[in-house]
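The values are calculated or read from the model by the stated rules, or taken from the named source; none is laboratory data. Please read these numbers as outputs of a predicted model, since none were measured by experiment. When we count neighbours, we look across all protein chains shown, and the Cβ atoms used for this are built from the backbone with ideal geometry, even at glycine. Side chains are part of the model used for accessible areas, which takes the heavy atoms of the whole protein and leaves out ligands, DNA and RNA. Shrake-Rupley method; radii C 1.70, N 1.55, O 1.52, S 1.80 Å.
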Amino acid sequence: MRIVSAAAAVPLLFVLLTWVSVRAANSEAEHFDRALSELDRLTMLEAALHRDVFAARAGVLRNYDPLVRETNALDASLAHLREVAATDADTAFAIDRLATSVTRQVALVEQFKSNNSLLQNSLAYFALFSFHPGVRDSLAPVVSDLAAAMLRLTLDTSVAAVQEVHERLDDLGRQPSTPADFDVVEPLLAHGRLLHDLLPATDGVLKALRAIPHKRDQEELRNMVLARQAVSRATARQFRVLLYFISLALVGLLAYLAQQLAVRARTLRRRAAFEHVVGAISMRFISAPADDVDRLIELALAEMARCLGAERAYYLRSDSTAPAYRWSREGVPFPPGWPDQAWTVAARNSPAEDGILRIPRIVRLPPGEDRDVLLAAGLKGWASTCRRTQDGGSVLLGFDAVNQQCRVSRAGELGLLRMALDVIANALGRKSLEQERLRLEMRLQQARRLETVGALASGITHNFNNIVGAILGYTEMATEQGVSGGRSTQIIADIRRAGERARELVEQILTFARRHDAQPIAVDVQALVAEAASLLRASLPNAIDLVITEPADPAIVSGVPAQLQQVILNLCNNAAQAMNYAGRISVALDVVDVAAGRTLTHGTLAPGRHVRLAVADAGRGIDSAALERIFEPFFTTRVAGNGLGLATTRDIVREHGGALNVESTVGRGSRFEVWLPRYAPAATPCREELATIALGNGESVLLVESDPDQLLRSEEILAALGYEPVGFMRAAEALDACRAMPDRFDLLLIGHLLPMSAALDLAMALRRIVPALPILLTTASPEEFDADALIRAGISDVAASPISAMEIAPALRECLRRSDPRRHQEPLRQSGTIAQFHAASL
């Protein structure tokens, strides 16, 4: 804005400079010089006129043409003088007085010319007749006296001279004359009397001409012109001084504009460079796979920081569980507490309209908490931008100038910070969407595979149960025929116990397939480990050394014994296989107090007491690539493996509210830890049943289910889990309810609808009305959907239908946690996806 104002001042200065230059040039000086020149010419003309008039009076000038030229020149000079000098009223008045005197002179000259013509003519005749030879001798003295008196009169027209001529004329007139004297005396008397009148009149004209104050008028006008000229010159000098200072101001302004243009040019170069960097980063993000986004964000922070002249850069989210991205130049580490405190400083100082904050010099901030925080972080300059996200959180992008002032200085550059923030936020959003798509796709693939496995299991369990029944029958017969207390009796007892466990597992499969919820009870894990150890020692080779470490406190959990023992057996068998059935397997059991929430490799723990079962081996270990997939169904690194052992283990642990932690080093072995919530003996039986289920906090759930019986059963399950269900049998009623009260519901649950596409149509319609709410879809036919269709419809998660408390509870809580992480900070176990779809498919 300042450079625009300065640029707008340049034309004004040029106009002012032009006007001052004109005034400083003193254009009036020429008029004054011409006026003085005309006055000089007028003086010369008047002097020449007077000279010629007196020459004509003396008879020297016998031609009046010079007088005509001079009078005409006087008129022309007066006209010129009016043009160049009549600039104000006083000067015009003086010129008018001078013109009046000139006009008077011209009139007197005209009168003089008339009189002088008669005078010269009469003098010629008078002289002719005065010396005429026909004058008698008696008249000669009188005529001579008359001629002498007339001569004196021509030289002196005083009253005495006039009186003398008058007397001489009277004397001549009184002389007796003869007819011969008439031709001489009468003309002489006539011309004498005419000269007697003309000579005084002509001299009177000359006296009047000389008496005209033309010199005074000229001097007055000259002084007036000179005074005006002096004022004009003084004004011109003042304007020349003003012109000098305006020129200096213009030069200074042009220098300022040049400096500002240079700054703008540097700014534009920086902006273009930063835009190029942001554009390149955006292009990389567009084509980058989701797994590579984190690395690209750190690279983007480094590139933008170098471009902006910053030594540190970071991208933060207000959600404490979200990852933070940081970059710092070598040798410039982040101080303790920074950039976590950036949120507080930005919140107090960022403008509400754009969230962009720039502090070029921290030392210039007024004393206060913000200044102390920024100085403690080692900052000299700071630039940041933050904005709120669609999920209600906030993101912040900051740049720290530690050794120099931050280069970001212009509003256009500050806008680029917002663009850079949007690029990173969009990249993370695309990553989240891609991960969500992959997660849904994996869930659907697992469901389809487990549907096949479930169908296969349903077909073989009856025959397998018959085989187990035969084994148990033969063991009973062997027991009856055996010797009490012998080694064979112990072996037969172990066979019978294993057969009973196999039958129990078959029953669990059938129960699980038929969607009958298993009833958790208080289980002593130490007893399960001892029983499993007995079975393992009987089934594993003698080269396996099984070492059991018992806990100091009772290790009691709430769960299903058969499922928990299956976890122990699976982990120990995997350990034996990792050591090629030769080595030491350590099974450690203890009770651990978890003071604060803890994140493990596969799950999180809530504060409280937990039972930890650790199975360690010294086998070949697991590489990092396989370690990420060991719990995936059907993933195995053994030729003879089926990839279901660890997947089943993970689902059982999750369903019991626990978590897993895996540590492995290639060539040195692996350690699997199972963490389960310790059972509280004071709990009631009803609470025991839900001990491993994440309960709700009164959240309102909109439920759509076309089957009235299933709708009623689902509402009862949701109410028992601590939710407030609002059920509808028709999609239109659900949509009307959302439109009427869009803020009423916390989660949307879509059940069985016909046709199958109606569920997706309803989800899309609900998403348009309440875009921020999570949508959970329950289906008994996962093969009908694909991940892309679910994402387009806005589905947050899928679960098996019909719902059960053990399976739907974690799915509900996970959806709520993802929609608003701050509302559900307690650790939540994931929904048993494999088990759900396995049961759903059966």
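Things to note:
- Residue check, Val53 open to solvent by less than 30 Å² (accessible area, probe 1.4 Å), of a type in the set (Val, Ile, Thr), assigned to a helix (DSSP H, G or I) and at pLDDT 80 or above: yes
- Any chance Ile630 is open to solvent by 20 Å² or more (accessible area, probe 1.4 Å), part of a loop (DSSP other than H, G, I, E, B), touching a Ser or Thr at 6+ places or on another chain (Cβ under 9 Å) and without any contact (Cβ under 8 Å) to a residue 60 or more places away in the chain: no
- Residue check, Asp590 at pLDDT below 85 and not in a helix (DSSP H, G or I): no
- Test: residue in the stretch 124-131 that is at pLDDT below 80 and not in a helix (DSSP H, G or I): yes
- Test set (1) in a helix (DSSP H, G or I); (2) of a type outside the set (Asp, Glu); (3) modelled with pLDDT under 80; (4) over 25 Å from Val53 (Cα atoms) - Ala147 fails condition number: (4)
- Selection status of Ala107, closer than 17 Å to Val205 by Cβ and free of Cβ contacts under 8 Å to residues at least 12 places away in the same chain: yes
- Filtering the stretch 1-45 to residues that are at pLDDT below 70 and of a type in the set (S, T, N, Q) leaves Ser5, Asn26, Ser27.
- Residues that are assigned to a loop (DSSP other than H, G, I, E, B), surrounded by 18 or more Cβ atoms within 10 Å (Cβ to Cβ) and among the hydrophobic types (A, V, I, L, M, F, W, C) within the stretch 364-381 comprise Ala377, Leu379, listed in sequence order.
- So Pro200, is it over 30 Å from Leu16 (Cα atoms) and modelled with pLDDT of 85 or more: yes
- Meets criteria (at pLDDT 90 or above, open to solvent by less than 50 Å² (accessible area, probe 1.4 Å) and touching a strand residue (DSSP E or B) at 6+ places or on another chain (Cβ under 8 Å)) for Val770: no
- For the stretch 317-331, the count of residues that are closer than 26 Å to Gly597 by Cβ, surrounded by fewer than 16 Cβ atoms within 10 Å (Cβ to Cβ) and polar (S, T, N, Q) is nonzero.
- Positions within the stretch 708-742 being modelled with pLDDT of 85 or more and either charged (D, E, K, R) or assigned to a strand (DSSP E or B) (or both), in sequence order: Glu715, Glu724, Pro725, Val726, Gly727, Phe728, Arg730, Glu733, Asp736, Arg739
- Gly751, sole failed condition from (1) closer than 20 Å to Pro810 by Cα; (2) in contact with a Lys or Arg (Cβ under 9 Å, 6 or more places away or on another chain); (3) not acidic (Asp, Glu): (2)
- When the stretch 501-545 is filtered for residues that are in a helix (DSSP H, G or I), modelled with pLDDT under 60 and not small (Gly, Ala, Ser), the ones remaining, listed by number, are Gln508, Ile509, Leu510, Thr511, Phe512.
- Search result, residues across the stretch 627-663 that are under 18 Å from Ala576 (Cα atoms) and at pLDDT 90 or above: Val662, Glu663
- Picking from residues in the stretch 213-228 that are hydrophobic (A, V, I, L, M, F, W, C) and crowded, with 18+ Cβ neighbours inside 10 Å, the one that is modelled with the highest pLDDT is Met224.
- Residue count, the stretch 804-816 (criterion: modelled with pLDDT of 75 or more and either among the polar types (S, T, N, Q) or open to solvent by less than 10 Å² (accessible area, probe 1.4 Å) (or both)): 8
- Among the conditions (1) closer than 17 Å to Asp524 by Cα; (2) assigned to a loop (DSSP other than H, G, I, E, B), the only one that Gly621 does not satisfy is (1).
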